[in-house]
1. Between residue B:98 and residue A:218, with labels modelled 7 Å along Cα→Cβ, what's the label distance in nm to one decimal, could you check?
2. State the Kirkwood hydrodynamic radius of region A:72-193 in Å, one decimal place, computed from all pairs of distinct Cα atoms.
3. Can you list the copy-to-copy distances for residue A:63, using a point 7 angstrom from Cα toward Cβ, in nanometres, shortest first?
4. Can you compute the equivalent ellipsoid semi-axes for region A:41-97, i.e. the square root of 5 times each eigenvalue of the Cα gyration tensor, sorted largest first and rounded to whole Å?
5. Can you tell which of B:198, B:131, B:181 lies farthest toward the positive end of the dipole of region B:80-210, using +1 and -1 charges on the Cβ of basic and acidic side chains (Lys, Arg; Asp, Glu)?
6. Choose one answer from B:183, B:151, B:138: the residue with the largest mean-square fluctuation in a GNM of chain B with alpha-carbon springs under 10 Å.
7. For residue B:154, what charge total do you get from the other residues with a beta carbon under 12 Å from its beta carbon, if Lys and Arg give +1 and Asp and Glu give -1?
8. Under a point-charge model restricted to the Cβ atoms of Lys and Arg (+1) and Asp and Glu (-1), what is the dipole moment magnitude of region B:7-69 relative to its Cα centre, in debye to the nearest 20?
Protein chains: 2
Amino acid sequence: MSTPTTAADRAYSALRSDIVEGMLAPGTPLAEVEQAARLGVSRTPVREAFARLLSDGLAEQRGPRTLLVSSIDADDVRALFDLRWALDEQAARIAAHRGDTLPFAALATRLDRATELLATDDAARTDYYALVGEFDAAIDASLETSPYLRAALQRLRVHLERVRRLAHDDDARLLRAAAEHAAIARAIADRDPERAVAATRLHLHDALQSIHRHLKASTA
Amino acid sequence: MSTPTTAADRAYSALRSDIVEGMLAPGTPLAEVEQAARLGVSRTPVREAFARLLSDGLAEQRGPRTLLVSSIDADDVRALFDLRWALDEQAARIAAHRGDTLPFAALATRLDRATELLATDDAARTDYYALVGEFDAAIDASLETSPYLRAALQRLRVHLERVRRLAHDDDARLLRAAAEHAAIARAIADRDPERAVAATRLHLHDALQSIHRHLKASTA
DNA sequence: ACGACCGTCAATGTATACATTAGAGAGATG
DNA sequence: CATCTCTCTAATGTATACATTGACGGTCGT
């Protein structure tokens, strides 16, 4: 009962976490032997993990034989949002059309409550991020009949989490983000696709601006 | 000079082609030993190829240890278009904003000419598909600064080609498709994002309808 | 001193051997 | 006759050995 999953899966999860959490910094070379030793497995599962990271875009190839942790800068964020805009908008539209209204209604109220909490207690960040996670899960559930879109969204989210760690939201931004998320959830709960799309656009616009402000500030 | 690429790459390309072209039918089991023997390499590169096919969505897992060529039916097509709609629309918008106008202007005229040709010479199918390929390449070129969107599009196109082989366009449809494509190209060449998006929507709507008609006809 | 060229070797790419397990099929049982 | 279990095998998952190549450091030339 020690290894419920395969070694390749564990290697992948470990590396992926290390990259997303910044433990393996962008630009770090990924060597099979080194990681195999670190993770306590042979090169074979590590190799498989590297292939998946490459397909995720978490690693990139430089030259024919060297793999690096992929870089992520302000320009990547903009490029990421070019895709996110398309996917989130469509996801919101579909969720409003065919999603289960109940979870979104519940999330809307909980997000509103979180807005109040965040105003007073700044330790509620974790709760808010957990709520966003639930929101994403609710979106995924609504996309049961759109597996391709759902898969694209899930691939995207890994990168977005990386960005989130890079550009830590300030409290004021978090407050507005919660309100924006609540607006999206409510529009979906009301089965109003147009409003859901509009609210999503608003959220993405603000989120991108906030991130860019942050990155510009930390670069300068 | 016999192997310019790695064995894993060749195995992947071969399997991918076989799946897209229908030589490996949906539902066919993919066994490492069998494919290794067929392709004349060891299991290792085949294994790597399988991993990539899985991440492409060209193969799917049934149970913990069996891989099948992924199925594709009318419902998959609808799901595929849920994603395609989002991506193509955004791509058209961005191409109209920042793309090189010249290639699109050239493509527009060539597509119009193809429309005339298709009306008389039905052997011009190949030419038309080649033009669409060039159009896609021009879109990709316009997305140089949006690599995430471009990557998502490229992943999607493999599946679309599979659909195209599944539901062969009839001549009438091809004619309209060429005209619709020309309209998109012209809108992009004119740097008119809104029109490009509208033309894209029109094209996708018609394409989806045509495919569904075809599939319903062949199923019945 | 700076750049191009080249040999070394360490890391990758591939094959194979070993360990493990899922899945097909025989047999038993209701 | 269907279903369930159990076995057994053949395939996968992993490790390792072998082959191959390109990244790095040194040398040479200018």
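The values are calculated or read from the model by the stated rules, or taken from the named source; none is laboratory data. Quick caveat, the model's predicted, so the values are computed rather than measured. Don't worry about glycine lacking a Cβ; one is built from the backbone with ideal geometry, like all the others, and counts go over all protein chains shown. Note: areas computed on protein heavy atoms with side chains; ligands, DNA, RNA excluded. Shrake-Rupley method; radii C 1.70, N 1.55, O 1.52, S 1.80 Å.
1. Rounded to a tenth, the inter-label distance reads 2.2 nm.
2. One decimal place: 14.9 Å for the Kirkwood radius.
3. The answer, with the shortest distance listed first, is 4.4 nm.
4. 31, 17, 7
5. Of B:198, B:131, B:181, it is B:198.
6. B:151
7. Its environment carries a net charge of -1.
8. Result for region B:7-69 is approximately 160 debye, rounded to the nearest 20.
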